[in-house]
Amino acid sequence: MRLISRPVLCNYYVTYRCNASCAFCDIWERPSPYITLDNVRQNLIHLKKLGVKVIDFTGGEPLLHRQMPEMLRLAKEAGFITTLTTNALLYPKYAEQLRGQIDMLHFSLDSPDKEAHDKSRGVACFDFVMRSIQIAKELGEKPDILFTVFAENIAQIERVYREITLPNGLVLMLNPVFEYNTVATNGNLSPEDLKILRKWGKKKYVYLNDAFVQLRLDGGNHIDKPVCKAGSATVVISPENKLILPCYHLGLEEFQIENNLYELYHSAPVQRLVALEGKHAKCEGCAINCYMQPSFAVNVNKYFWLALPSTMRYNYWKGTWRKLKW
Ligand code: SF4
Ligand code: SF4
């Protein structure tokens with residue numbers, strides 16, 4: 001049963017550029033411009049009209065965009081919930097300006113060891129994450145640690161939890177790795193790994209969306225009965241100011257936005273693609289977290305109920321549950 005029929009999330013790609021080169025990601029290889037402040041200003045009005053509640057400013061590395069603080073401010077002033085994930089290389093530089101503008105601020109960290117983390121990210125960012133945690137805390141921010149879980153680093157969760165997140169009073173978000181296109185993630189999670197993850201998900205100050213685990217056990221999205229609602233639950237905007245359908249990863253079609261996002265989203269060609277969400281051949285087995293999370297939030301099925309407790313716990317810990325009213 002569909003609970004919310006409008007899009008709830010905007011994945012706003014501010015640039016595909018990145019100052020890291022993670023082995024499990026290919027986005028940094030793409031040439032890319034940066035979004036403009038004028039386009040953001042216009043699109044936010046249309047996103048509001050569409051009913052979107054959350055703006056995820058993403059990339060690439062979103063903090064490479066020098067006007068990021070201003071864009072976040074615009075989104076906050078318009079009443080959106082804002083979220084941003086960073087590798088932390090530029091956080092110390094912009095922390096003061098970003099203060100109070102990001103509701104869900106995530107620092108990526110995949111290992112308690114400097115050498116291992118820097119190797120997986122292709123650049124020395126471990127020390128920046130550690131420094132960013134201290135700076136954010138001093139500024140009264142409540143960042144989370146986003147840990148992407150592979151078969152090869154699952155045993156490292158314990159130390160990140162005990163040595164980094166617990167002592168700093170942070171939430172540890174476990175993000176099971178997903179495969180897409182031809183990117184080799186080198187660490188598909190086995191049923192045994194998923195069992196371990198589920199145990200971690202029960203610990204205090206650990207966030208794990210149990211629906212992500214179940215989806216993997218069920219073999220991901222199935223095109224004959226799709227759980228994916230990427231097209232109808234999210235709006236994806238590219239750095240070229242194009243509307244991408246049905247999701248960034250599949251990116252079947254792009255439509256130039258000319259200060260007409262609301263009308264464009266409701267146009268026949270876009271809605272034709274929305275109707276095919278999760279039904280393309282490449283959608284079989286998909287478990288891309290960024291689109292499954294909003295998909296689970298808008299449709300009442302077993303994944304909805306599995307996702308609900310972790311969402312409630314997270315917002316209780318963070319004191320943000322009031323913002324959840326959709
Ligand atoms: S930091 Fe993020 S965007 Fe950059 S290469 Fe790594 S995963 Fe990709
Ligand atoms: S199933 Fe995956 S690839 Fe297909 S539209 Fe949804 S998120 Fe994109």
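Take each peptide in 35-46, 82-93, count the other Cβ atoms within 10 Å of every residue, and average; sorted highest first, the result is 82-93, 35-46. Estimated from helical segments only, the mean residue ellipticity of the chain at 222 nm is -10000 deg cm²/dmol, where each DSSP H run of four or more residues counts as -39500 (n - 2.57). Only Cα pairs under 8 Å and 6+ residues apart enter the sum, and on that basis the relative contact order of the chain stands at 20 percent. In sequence order, the stretch 15-20 has phi-based couplings of 6, 8, 5, 8, 8, 10 Hz under the Karplus curve 6.51 cos²θ - 1.76 cosθ + 1.60, θ = phi - 60°, and Gly or Pro positions carry x.
Within the accessible surface of the chain, defined with a 1.4 Å probe on protein heavy atoms only, the carbon and sulfur portion equals 54 percent. A Gaussian network model of the chain, with springs between Cα atoms under 10 Å, assigns the largest mean-square fluctuation among HIS65, HIS106, HIS266 to HIS266. Between LEU217 and ASN168, the FRET efficiency from the beta-carbon distance, with R0 = 22 Å, is close to 0.10.
Take 241-249, 97-105 and order them by the average number of nearby Cβ atoms within 10 Å per residue, most first; the result is 241-249, 97-105. Over the stretch 91-236, the reciprocal of the mean inverse Cα-Cα separation, the Kirkwood hydrodynamic radius, stands at 16.7 Å. Here LEU37 and LEU139 are evaluated by their C-beta separation; at R0 = 22 Å the FRET efficiency comes out at 0.40. What Kirkwood hydrodynamic radius do you get for the stretch 209-322 when you take the inverse of the mean 1/r over all pairs of distinct Cα atoms, in Å? Evaluated on the stretch 209-322, it is 15.0 Å. Each peptide in 189-195, 225-231 was scored by the mean count of other Cβ atoms within 10 Å over its residues; highest first, the order is 225-231, 189-195. In this structure the chain gives 44 Å² per residue of accessible area when probed at 1.4 Å with all protein chains present.
Membrane-span-like helices in the chain (whole DSSP H runs, Cα extent of at least 18 Å along the helix axis, mean Kyte-Doolittle hydropathy of at least 0.0): 126-138. Across the chain, counting alpha-carbon atoms alone, Rg and Dmax equal 18.5, 53 Å.
The values are calculated or read from the model by the stated rules, or taken from the named source; none is laboratory data. Keep in mind the model is a prediction, meaning the values are calculated, not measured. Glycine gets a Cβ as well: all are built from the backbone with ideal geometry, and neighbour counts include every protein chain shown. Side chains included, ligands, DNA and RNA excluded: accessible areas come from the protein's heavy atoms. Shrake-Rupley method; radii C 1.70, N 1.55, O 1.52, S 1.80 Å.
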